[in-house]
1. At a threshold of 8 angstrom on Cα-Cα distance, excluding pairs fewer than six apart, so keeping six or more, what relative contact order does the chain reach in percent?
2. Which net charge results when you count Lys and Arg as +1 and Asp and Glu as -1 among the other residues whose beta-carbon is under 14 Å from that of PRO227?
3. SER209 to MET250: extension gain in nm, 0.36 nm per residue of separation minus the Cα-Cα distance?
4. Return the subset of LYS212/LYS314; LYS255/LYS317; LYS64/LYS171; LYS171/LYS258; LYS220/LYS258; LYS212/LYS255 for which the Cα-Cα distance in this structure is over 30 Å, preserving the input order.
5. For PHE166, what is the net charge nearby, where nearby means another residue's Cβ is under 13 Å from its Cβ and Lys, Arg count +1, Asp, Glu -1?
6. Return the lysines within reach of LYS70: Cα separation strictly under 17 angstrom, same-chain partners fewer than 8 residues apart disregarded; answer none if there are no such residues.
7. Please list log₁₀ I(q)/I(0) at q = 0.11 Å⁻¹ for the chain, using the Debye equation with identical point scatterers on the alpha-carbon positions.
8. Rounded to the nearest 20 debye, what is the charge dipole size of the range 58-145 about its Cα centre when +1 sits on each Lys and Arg Cβ and -1 on each Asp and Glu Cβ?
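The values are calculated or read from the model by the stated rules, or taken from the named source; none is laboratory data. This is a predicted model, so every value here is computed, not measured. Neighbour counts run over all protein chains shown; Cβ positions are idealised from the backbone, glycine included. SASA here: full protein model, heavy atoms, side chains in, ligands and nucleic acids out. Shrake-Rupley method; radii C 1.70, N 1.55, O 1.52, S 1.80 Å.
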Amino acid sequence: MHTIILAIESSCDDTSAAILQDGVVLSNVVAGQEAHAQYGGVVPELASRAHQAHIIPVVDLAIKKAGIAKSQITAVAFTRGPGLIGSLLVGTSFAKSFALSFGLPLIEVNHMQAHVLAHFAEDPKPSFPFLCLTVSGGHTQIVLVKDYLDMEVVGTTLDDAAGEAFDKSGKLLGLGYPAGPLIDRYAQEGTPRFPMPLPEIQGLDFSFSGFKTSILYFLKREIALNPDFVEQNLADICASIQQGIITILMKKLRKAAKQYQINEIAIAGGVSANSGLRQALTELGAQEGWNTYIPAFQYCTDNAGMIAVTAYYKYLKGEFVGQEVGPYPR
Ligand code: KG4
Ligand code: ZN
């Protein structure tokens, strides 16, 4: 008999469902939410309402694309946290109801662990132990991955996440939300000719709040001299911001690789979709003699495929939860 898992992801502003058969992703459907762009960030109330509207069609489509029947599903997985409580509630409630009505085992998944295990959705797969720089809208972590379900966070941000650094900098430039992909696009046309001050943080931790503040003062200063500064230099400003963030990330990743003597190095999370970061990792990897692992785009940003992959390893270990389970936002 096949193991077929239906996985649901609804932690932030993407509603996603995936079907995985014996460890292989058959479908991975993601519905984004346009509603937040005009507010410059995710509005939790709008997000949970949109999840409610999207979840049934998204699950239906995932099942249809996988070419399976609902009755073939053997387990249901969902993101329990971290994330927005209202958003998580929609996915959690849906998964519980589905499991209850079909009499299926239920698997809860940690969203950050799933970003790391997204590397096992496709080849090439890293071998253990490896280091994973997990960079998203809410988190920035260096994770020491000892086994599928055995991970240790060895470095983390003390304030903002890398994705927030992109999004907040973009907001200062008048770009829409999320600004990360927009900065990436403009940066490709620009030169990083504006030096950005980099924080001096001990150990393997990160800090991005000072970086954002220095961009604010830099822009204020330049706009006072030339009101059209941003318009005239947008590509170069974006290239400079992006390079600053990448420098901060790569410096700590290199330090972690040395400290743990590991040369299997991966990146994951929404910010790992950044073309500059992908290139920087490849270049630094070649220089340091690392084997580097970069997920395909569909497995970088939030998606249920990574939830399904994680759930599969929990399924193999018999790690199920009961109907009393609730979301765990933090
Ligand atoms: O993992 P993710 O989809 O959701 C969270 O779990 O937070 O990450 C979203 C973050 C946002 O901050 C977004 O701006 C950033 O990933 N992001 C990017 C790019 N694509 C998404 N940042 C820089 N360059 C990109 N190409
Ligand atoms: Zn995420």
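1. 25
2. Taking every other residue near PRO227 into account, the sum is -1.
3. Here the answer is 13.0 nm.
4. Over 30 Å apart, Cα to Cα: LYS212/LYS314; LYS255/LYS317; LYS64/LYS171; LYS171/LYS258; LYS220/LYS258.
5. Cβ neighbours under 13 Å give a net charge of 0.
6. Within the straight-line limit of under 17 Å, LYS70 reaches these lysines: LYS96.
7. Normalising to I(0) and taking log10 leaves -0.70.
8. That gives a dipole near 200 debye.
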